[in-house]
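Student: My questions will all concern the structure given below.
The values are calculated or read from the model by the stated rules, or taken from the named source; none is laboratory data. The shown structure was predicted, so the numbers you read here are calculated from the model rather than taken from an experiment. Counting neighbours? That spans all protein chains shown, and the Cβs are built from the backbone with ideal geometry, glycine included. To get the accessible areas, we keep the full protein, side chains included, count just its heavy atoms, and leave off ligands, DNA and RNA. Shrake-Rupley method; radii C 1.70, N 1.55, O 1.52, S 1.80 Å.
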Amino acid sequence: MPDFYALPDAEQAALLTGLARHALARWDGAFDTPELVKYRENAVFSVRHADGGRVALRVHRHGYHSDAALHSELHWMQALGARGVAVPPIVPAACGSMFVTVTAPDIPEPRQVDMLGWMAGTPVGSAEDGLVLDPAAAERLYFDAGALAATVHRETRAMRLPDGFVRHAWDEAGLIGAQPLWGRFWDLAMLTEADRALLAEARARAARDLSAFGRTAENYGLIHADFVPENLLSEAGRLKLIDFDDSGFGWHMFELATALYFNIDEPFYPAIERALFAGYRSVRPLPAAEETLLPLFLFLRGTTYLGWIQTRPETQTARELGPMLIARIRQVARAYLASPPPAPA
């Protein structure tokens, strides 16, 4: 049997489609053949139910989340939905579980599989193509995105998370510690020695600035952590939020930096940055001193993407986006090092 992870993405996806077909037997009803929508961290399939309804089936990457962590993710999504946030509803399996574990031939490990209600709408952009909007529409979009992020943070802070709730943390250790969550970004083979020196300098300053900033209930909590344009769906003027796979505990400013990261080269970037913060403040306070830390959190966001491709060099995403991500981390690291130090707390 060939090594699954040595196969091209298309062959991996074909095998995962077979696993997805097998998994559908664990849900009530009859379903059509799954159609692959996205294969990056997870394999996400569109599936039609016999009654015409559409669902999303996620086959999770092996080992990324424990069962407890995945259950916590789905619990949080349910709780946000119950509070009026537009997120995918969970479709329990026939046994009542939020997800199941499935095995299939030629795939070396069991996979967690869950089913979510399909969210109608159009992604507002992508990492590869940016925003396909005129400046005025982009400004309106980012005001709404800021308001949505603030709503998620506000509603989450009002929740009581259940005992046993567990998610990873986008904290000092998870971002710039010895073993960051997504990998040792400074070990990426494509980096030059000048790149490594630049990252080392920015990483050392980030450690000092994060220590000075600290963590409080006002600036840190459970965040989506992947608030990028492709995870924001627009339908009839309303924004919806999908893909909670990276969610965990982190700074609220990290969330906002993520929303901006892939658009910093847009000609109307200053306007969408202002709109994002204005939208956030329309729902929840955000001190001006925290906004000035945006260069820090843009740098931190950039390191995670380098770590991702450093640990997954075989993926199509790493090969295609690697040069762009390296150019961008140079840009944000230099801007961060040129920014003034944060004001004392």
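Student: Of the residues that sit in the range 3-49 and are in contact with an Asp or Glu (Cβ under 8 Å, 6 or more places away or on another chain) and assigned to a loop (DSSP other than H, G, I, E, B), which one is modelled with the lowest pLDDT?
Tutor: That would be Glu41.
Student: From the residues in the range 197-217 that are under 22 Å from Arg281 (Cα atoms) and free of Cβ contacts under 8 Å to residues at least 60 places away in the same chain, which one is surrounded by the most Cβ atoms within 10 Å (Cβ to Cβ)? Spell out the reasoning first.
Tutor: Initial filter on the range 197-217 (under 22 Å from Arg281 (Cα atoms)): 213-217.
After this cut, where a residue has to be free of Cβ contacts under 8 Å to residues at least 60 places away in the same chain as well, the list is 215-216.
Details: Arg215: 15, Thr216: 10.
Applying the filter and picking the extreme gives Arg215.
Student: Looking at (1) small (Gly, Ala, Ser); (2) at pLDDT 95 or above; (3) more than 20 Å from Pro342 (Cα to Cα), can you tell me which one Ala257 breaks?
Tutor: It is condition (3) that Ala257 fails.
Student: Now for a different question. Over 20 Å from Asp32 (Cα atoms) and touching a residue at least 24 places away in the same chain (Cβ under 8 Å), is that true of Ser46? Walk me through how you get there before you give the answer.
Tutor: Details: over 20 Å from Asp32 (Cα atoms): no; touching a residue at least 24 places away in the same chain (Cβ under 8 Å): yes.
No.
Student: Shifting gears a bit: Filter the range 313-345 down to the residues that are without any contact (Cβ under 8 Å) to a residue 24 or more places away in the chain and under 20 Å from Leu175 (Cβ atoms), then identify the one that is surrounded by the fewest Cβ atoms within 10 Å (Cβ to Cβ).
Tutor: Residue satisfying both the conditions and the ranking: Ala318.
Okay, residues lined up against (1) open to solvent by 20 Å² or more (accessible area, probe 1.4 Å); (2) in a loop (DSSP other than H, G, I, E, B); (3) among the aliphatic types (A, V, I, L, M); (4) free of Cβ contacts under 8 Å to residues at least 40 places away in the same chain:
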residue: Tyr142; (1), (2), (3), (4): no, no, no, no
residue: Ala149; (1), (2), (3), (4): no, no, yes, no
residue: Val152; (1), (2), (3), (4): no, no, yes, no
residue: Glu155; (1), (2), (3), (4): yes, no, no, no
residue: Arg160; (1), (2), (3), (4): yes, yes, no, yes
residue: Leu181; (1), (2), (3), (4): yes, yes, yes, no
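Student: Ala173 - would you say it is under 24 Å from Leu276 (Cβ atoms) and in a helix (DSSP H, G or I)? Even if it seems obvious, please write down each step before you answer.
Tutor: On the way: under 24 Å from Leu276 (Cβ atoms): no; in a helix (DSSP H, G or I): yes.
When the stated conditions are applied, Ala173 does not pass them.
Student: Related question: Counting just the residues of the range 9-30 that are without any contact (Cβ under 8 Å) to a residue 24 or more places away in the chain and open to solvent by less than 90 Å² (accessible area, probe 1.4 Å), which one comes out farthest from Ile90 (Cα to Cα)? Lay out the reasoning, then the answer.
Tutor: Initially, the range 9-30 is screened for residues without any contact (Cβ under 8 Å) to a residue 24 or more places away in the chain, giving 10-11, 14, 21, 25, 29-30.
Then drop every residue that is not open to solvent by less than 90 Å² (accessible area, probe 1.4 Å), which leaves 10, 14, 25, 29-30.
Working: Ala10: 28, Ala14: 25, Ala25: 17, Gly29: 16, Ala30: 18 Å.
For the range 9-30, the residue satisfying everything is Ala10.
Student: Something else about it: Looking at Ala236, Ala257, Ala212, which one is more than 17 Å from Glu291 (Cα to Cα) and of a type in the set (A, V, I, L, M, F, W, C)? Explain how you work it out, then say what you get.
Tutor: Working: Ala257 fails: more than 17 Å from Glu291 (Cα to Cα); Ala212 fails: more than 17 Å from Glu291 (Cα to Cα).
After ruling out the rest, the residue left standing is Ala236.
Student: Now, a different point. Has the range 258-275 got any residue that is surrounded by fewer than 17 Cβ atoms within 10 Å (Cβ to Cβ) and touching a helix residue (DSSP H, G or I) at 6+ places or on another chain (Cβ under 6 Å)?
Tutor: Checked against the condition, which is being surrounded by fewer than 17 Cβ atoms within 10 Å (Cβ to Cβ) and touching a helix residue (DSSP H, G or I) at 6+ places or on another chain (Cβ under 6 Å), the range 258-275 yields at least one hit.
Student: What number of residues within the range 86-113 satisfy the criterion of being open to solvent by less than 40 Å² (accessible area, probe 1.4 Å), in contact with a strand residue (DSSP E or B) (Cβ under 7 Å, 6 or more places away or on another chain) and part of a loop (DSSP other than H, G, I, E, B)?
Tutor: Selection size over the range 86-113: 5.
Student: Exactly one condition in (1) closer than 20 Å to Gly322 by Cα; (2) not in a helix (DSSP H, G or I) is false for Gly221; which is it?
Tutor: (1)
Student: Return a yes/no flag: does the range 101-109 have any residue that is touching a residue at least 40 places away in the same chain (Cβ under 8 Å) and under 11 Å from Leu239 (Cβ atoms).
Tutor: Looking for residues that are touching a residue at least 40 places away in the same chain (Cβ under 8 Å) and under 11 Å from Leu239 (Cβ atoms), one finds none in the range 101-109, hence no.
Student: Filter the range 261-299 for residues that are assigned to a helix (DSSP H, G or I) and under 14 Å from Gln331 (Cα atoms) and give the result. Give the steps one after another, and end with the answer.
Tutor: Let us first name the residues in the range 261-299 that are assigned to a helix (DSSP H, G or I), namely 261, 269-281, 288-291, 294-299.
Of everything in the range 261-299, those that are assigned to a helix (DSSP H, G or I) and under 14 Å from Gln331 (Cα atoms) turn out to be Tyr261, Leu294, Pro295, Leu296, Phe297, Leu298, Phe299.
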